[in-house]
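Comments concern the structure below.
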Amino acid sequence: MENKDILDDQASSDTQQPDNLTTEEAVTVNGGEPADAEETTSTEGFVTAAAPPEPEKNGGEVAELKDKYLRLYADFENFRRRTAKEKLELINNANEGVLKAMIPVVDDFERAMQSIDNTNDVAALKEGVSLIYTKLFKTLEGKGLKPMVSKGEAFDADLHESVTQFPAPSEDLKGKVIEEIEKGYYLNDKVIRFAKVIVGS
């Protein structure tokens, strides 16, 4: 039994390692690999990480990113100004197409007014005015204007504006438009003027 205790004490003393070994000695004793060249050893024997990158490299990256940011910001400002200018021009010139189409009608009216002074033929004047009206209406229709048909239709508050109510001449006209005072208009299926109507009661 005593021999066994002696052997155990010898075995433990053989494997015991000193606490103050250097990195190289500890690696040799433990049979490990030496540390990377970037790692350094402090006075306590602990391995620390490599030093951070040099500030000059970081400064160059920051300057490059700042330059990219400034260029992007300048491009965005130019785009914003350009689109604002284009939008303003579009609003100011929105009616250009309609006005160009109306100029020939104005010319026809001027010619008709000159002919009024030189002629006594009322039938010819009526015919001329009728032709000008048709030309004007066709021009507006070509730009998307459409007249609203209201007379005889059921009253609809989304389309009609009731001026007054009269007793309906027949039972089937109750709640319907019996007279149209002012015609309503659509512009591309959107109501731009409500029809002023008289509704049967």
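The values are calculated or read from the model by the stated rules, or taken from the named source; none is laboratory data. Being a predicted model, the structure only gives us computed values, none of them experimental. Cβ: placed from backbone, ideal geometry, glycine included. Neighbour counts: every protein chain shown. Accessible surface is based on the protein model in full, side chains and every heavy atom, while ligands, DNA and RNA are left aside. Shrake-Rupley method; radii C 1.70, N 1.55, O 1.52, S 1.80 Å.
Pairs meeting the criteria (first residue in region 123-148 and closer than 16 Å to Asp107 by Cα, second residue at pLDDT below 95 and charged (D, E, K, R), beta carbons under 7 Å, at least 6 apart or on different chains) are Ile132/Asp108; Lys135/Asp108.
Residues that are on the phi < 0 side of the Ramachandran plot, in contact with a helix residue (DSSP H, G or I) (Cβ under 8 Å, 6 or more places away or on another chain) and of a type in the set (Phe, Trp, Tyr) do not occur anywhere in region 149-160.
Does any residue of region 98-108 turn out to be free of Cβ contacts under 8 Å to residues at least 60 places away in the same chain, over 30 Å from Lys196 (Cβ atoms) and either among the aliphatic types (A, V, I, L, M) or open to solvent by 90 Å² or more (accessible area, probe 1.4 Å) (or both)? Within region 98-108, one or more residues are free of Cβ contacts under 8 Å to residues at least 60 places away in the same chain, over 30 Å from Lys196 (Cβ atoms) and either among the aliphatic types (A, V, I, L, M) or open to solvent by 90 Å² or more (accessible area, probe 1.4 Å) (or both). Scanning region 111-138 for residues that are among the charged types (D, E, K, R) and surrounded by 10 or more Cβ atoms within 10 Å (Cβ to Cβ) gives Arg111, Asp121, Lys126, Glu127, Lys135, Lys138. Of the residues Ser201, Ser130, the single one that is over 24 Å from Leu99 (Cβ atoms), among the hydroxyl-bearing types (Ser, Thr, Tyr) and more than 36 Å from the chain's Cα centre (by Cα) is Ser201. Pairs are defined by a Cβ separation below 8 Å, a sequence spacing of at least 6 or placement on different chains, a first member in region 165-188 that is on the phi < 0 side of the Ramachandran plot, and a second member that is of a type in the set (Val, Ile, Thr) and open to solvent by 50 Å² or more (accessible area, probe 1.4 Å); the pairs so defined are Ile181/Val163; Tyr185/Ile192; Tyr186/Ile192.
Tyr186 - would you say it is of a type outside the set (Lys, Arg), modelled with pLDDT of 85 or more, outside any helix (DSSP H, G or I) and out of contact with any helix residue (DSSP H, G or I) (no Cβ under 8 Å at 6 or more places or on another chain)? The answer is yes for Tyr186.
Residues in region 96-143 that are at pLDDT below 90 and either among the hydroxyl-bearing types (Ser, Thr, Tyr) or part of a loop (DSSP other than H, G, I, E, B) (or both): Ser115, Thr119, Asn120, Asp121, Lys143. Give the residues of region 149-170 that are open to solvent by 70 Å² or more (accessible area, probe 1.4 Å), among the hydrophobic types (A, V, I, L, M, F, W, C) and within 10 Å of Phe194 (Cβ to Cβ), sorted by residue number. Within region 149-170, just Ala157 meets the criteria.
The set of residues in region 171-192 that are charged (D, E, K, R), surrounded by 14 or more Cβ atoms within 10 Å (Cβ to Cβ) and under 44 Å from the mean Cα position of the chain (by Cα) comprises Lys176, Glu180, Lys183. Within region 158-201, the residues that satisfy the criterion of being within 30 Å of Gly142 (Cβ to Cβ) and of a type in the set (A, V, I, L, M) are Leu159, Val177, Ile181, Leu187, Val191, Ile192, Ala195, Val197.
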